[in-house]
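Following: one structure in structure tokens, then a few remarks.
Each reported figure results from applying straightforward, stated rules to the coordinates on display, with no laboratory input. Remember, predicted model here, so these are calculated numbers, not experimental data. Neighbour counts are summed over all protein chains in view; Cβ atoms, including those assigned to glycine, are modelled from backbone coordinates with ideal geometry.
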Amino acid sequence: MKDEHYEDAVDAESLLSHSTSTDDQQKRIKRNKERRKLPACALSAGLLASHLLTALAAAWAGSHWWRYAGDVDDTCAKWTTHASPVTQEVAVKYSNVAYNGSFFHQTIYRGDASPEVDAAWSALGVDYRAMRIPEEYAEAAGLTKNHVKIRDKYGGGYPANMEGLHHLHCLNLLRKSSWYNFEYYKKMGEGPFKNEEHVVKVHITHCLDIIRQQLMCTADTGVLGQVWWNTEKPTPFVDFNTEHRCKNFDVLRQWAEKHQLPEADGHLPKDYLEPPAGVVYPEIP
Ligand SMILES: *[C@@H]1O[C@H](CO)[C@@H](O)[C@H](O)[C@H]1NC(C)=O
């Protein structure tokens, strides 16, 4: 069969191509004849093998398809994020979201320091207390005997924060530390600003570098086109108002909110935590 196709192709080619020299045609015919010398059994063995491979590939794809096609969102969330009780218990969904990339129009998150702007950021879950991660999820989530554990009589499990909310907490700290806001929050002296200035600086640079790593880890491969502005003298400007495929953030935030450990007010029982069972670092790692 393959041989016939080959010949068809040659014939069609010579009909179409007027420039083909007789020499070339002779060579091609000779090559064709040599191909025919291949023993028939070798050809059918090759065919059989390729059919077998196709069948195996199809069977593999088929057996995996029913597992993944069921919930692409769930598969994507679990494949692209470290194992976590959140992806086990929350239905992560993706949808298209239009970013507000406005250059000049303010949004509440960009405003100068004020109680309203703080409230908007706070509503994103940037200051939630740690959650309790039950023992059953610990190993997959990367929690080991080196991690702090709550005593069983207080509910057990591991205190932990959702990384995505930590990133937002960090971004919020960068906002508060920007030169036009810094004095306001320093005077207020809450949260990170309770510390001495050199510690605040360390905190800020920690946050900066976490956000750098996060952005590199999830590097967005979308593109920013350009638009025209200025009706008098049309000028290109980058179009930051782009569409993105986003997780259902608010559902994830709600989960973290609901699973917070009880408010302590500095009154946690002295024996709330189990004593260290693994490594104790000589300095903050
Ligand atoms: C972004 O938000 C601001 C403030 O709400 C609004 O004025 C502006 O039109 C928005 N831009 C886009 C592209 O949605």
For this session: Could you tell me which residue of the range 258-278 is nearest to the ligand (Cβ to nearest atom), considering only residues that are in a loop (DSSP other than H, G, I, E, B) and among the hydrophobic types (A, V, I, L, M, F, W, C)?
Result: Leu261
Exercise. Has the range 79-100 got at least one residue that is surrounded by 14 or more Cβ atoms within 10 Å (Cβ to Cβ), more than 30 Å from Ala160 (Cβ to Cβ) and over 15 Å from the mean Cα position of the chain (by Cα)?
Worked result: no
For this session: For the range 220-242, enumerate the residues that are within 14 Å of the ligand (Cβ to nearest atom) and of a type in the set (A, V, I, L, M).
Result: Leu224, Val227, Val238
For this session: Answer yes or no as to whether Val126 is away from the ligand (no atom under 16 Å from the Cβ), surrounded by 12 or more Cβ atoms within 10 Å (Cβ to Cβ) and under 18 Å from Arg175 (Cβ atoms).
Result: yes
Exercise. For the range 126-140, how many residues meet the condition of being of a type outside the set (A, V, I, L, M) and more than 20 Å from Gly266 (Cα to Cα)?
Worked result: 5
Problem set entry | Residues of the range 106-133 satisfying the condition of being under 24 Å from the mean Cα position of the chain (by Cα) and of a type outside the set (D, E, K, R) | Tyr109, Trp121, Ser122, Ala123, Leu124, Gly125, Val126, Tyr128, Ala130, Met131, Ile133
Problem set entry | Failed condition for Ser102, given (1) free of Cβ contacts under 8 Å to residues at least 60 places away in the same chain; (2) within 16 Å of the ligand (Cβ to nearest atom) | (1)
Seminar exercise, completed: Among residues of the range 81-99 being of a type in the set (Ser, Thr, Tyr) and touching a residue at least 24 places away in the same chain (Cβ under 8 Å), the residue nearest to the ligand (Cβ to nearest atom) is Tyr99
Exercise. (1) of a type outside the set (Asp, Glu); (2) over 22 Å from Lys258 (Cβ atoms); (3) surrounded by fewer than 17 Cβ atoms within 10 Å (Cβ to Cβ): which one isn't true of Val148, the others all being true?
Worked result: (2)
Exercise. If you check Ser114 against the conditions, is it of a type in the set (Ser, Thr, Tyr), within 16 Å of the ligand (Cβ to nearest atom) and more than 23 Å from Arg212 (Cα to Cα)?
Worked result: yes
